[in-house]
């Protein structure tokens, strides 16, 4: 049965921007987060605590976390792939700390070795002290199983491989598991098969989907999950993002695209589309390009058309009065 309510986890400020070569200032990132929470987003992935050598776009993580004017009821998460990252997040003043941290593990040995230079099991063991320390600090731990639908180095990925990583994450007491189609090759049947394996080990409220739209399947994959009762999905404003490990891979499904479909299904998200488009327009202006999301592009074009019509009407009225 399709759920009546869905939570969209906004990952644009972190996952969407992390691979941008063009600098985006901390102030601009904070403004984006403010626009997103004003639109009604209640789960926002704000930044990551990683080495600036590897991800220079996220070097301003502390500035971003300190600059956010927090809204009651909004949860802010950060990526902390190791103890050093977690320690930096915990070093923030209490009111600036994240509510949740994110860790990730690959579904394939090939991706794990190429991405972080170690096996899947070694990567999980590295997360163990991170999970313990986060729980001791009262912080929830969310995880992502990357390349769950396909791997740029191995190719096909089986549901067995996905389940193996889900079980390893469960063994170190990770609270939530997200199934991620990192390179956007998943289709509904394959997605449902992977989700079924995750649901064997986690309750439905702690399983989510993270779908890239490389082959135009992200919305279909979300709908396939909705049919299973899954009601938490990552999305990225303006369709920001991509995967540096997969040539041509696009970003996450656009938040506006997901919202348009969910609105059409009569599903409550608590998100105001007009205000969400404000956020998409802002970050698109900062980056100097149009949104990748189709809904964002269409609604921004519609706004421009309406402004043009209003200008024409005002000019016509001015001529009449003159």
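Where a number appears in this text, it was derived from the coordinates with a stated rule and is not lab data. The structure presented is a predicted model; accordingly, all values stated were derived computationally and were not measured. With ideal geometry, Cβ positions are generated from the backbone for all residues, glycine too; neighbour counts draw on all protein chains shown.
Using the Cβ-Cβ distance between residue 110 and residue 53 with R0 set to 22 Å, the FRET efficiency works out to roughly 0.35. Of 45, 304, 125, 31, the sequence from fewest to most neighbouring Cβ atoms within 10 angstrom is 304, 125, 31, 45. Fully extending the segment from residue 71 to residue 160 would add 28.0 nm, taking 0.36 nm per residue of separation and subtracting the current Cα-Cα distance.
A viscosity of 1.567 mPa s and a temperature of 4 °C, combined with the Kirkwood radius over Cα pairs in Stokes-Einstein, give a translational diffusion coefficient for the stretch 7-293 of 70 µm²/s. With each label modelled as a point 7 angstrom along the Cα→C-beta vector, the residue 118-residue 88 pair spans 1.7 nm.
Rank-order 233-239, 154-160 by packing density, defined as the average count of other C-beta atoms within 10 Å over each peptide's residues, highest first. Mind showing how you got there, number by number?
Values: 233-239: 30.1, 154-160: 14.6.
Descending mean neighbour count gives 233-239, 154-160.
For the pair residue 193 and residue 310, a Förster radius of 41 Å applied to the C-beta separation gives a FRET efficiency near 0.20, rounded to the nearest 0.05. Mind pulling the angle between the C-alpha long axis of helix 26-38 and the longest principal axis of the chain? Nearest 10 degrees, somewhere in 0 to 90. Between the helix axis and the principal axis of the chain, the angle is about 80 degrees.
In what order do 214, 182 fall by count of nearby beta-carbon atoms within 10 Å, going from fewest to most?
Ascending Cβ contact count within 10 Å gives the list 214, 182.
Relative contact order for the chain: 19 percent, from Cα pairs under 8 Å spaced at least 6 residues apart, divided by residue count. Could you give the distance between the Cα centres of the stretch 186-235 and the stretch 19-62, to the whole Å? When both Cα centres are located, 25 Å separates them.
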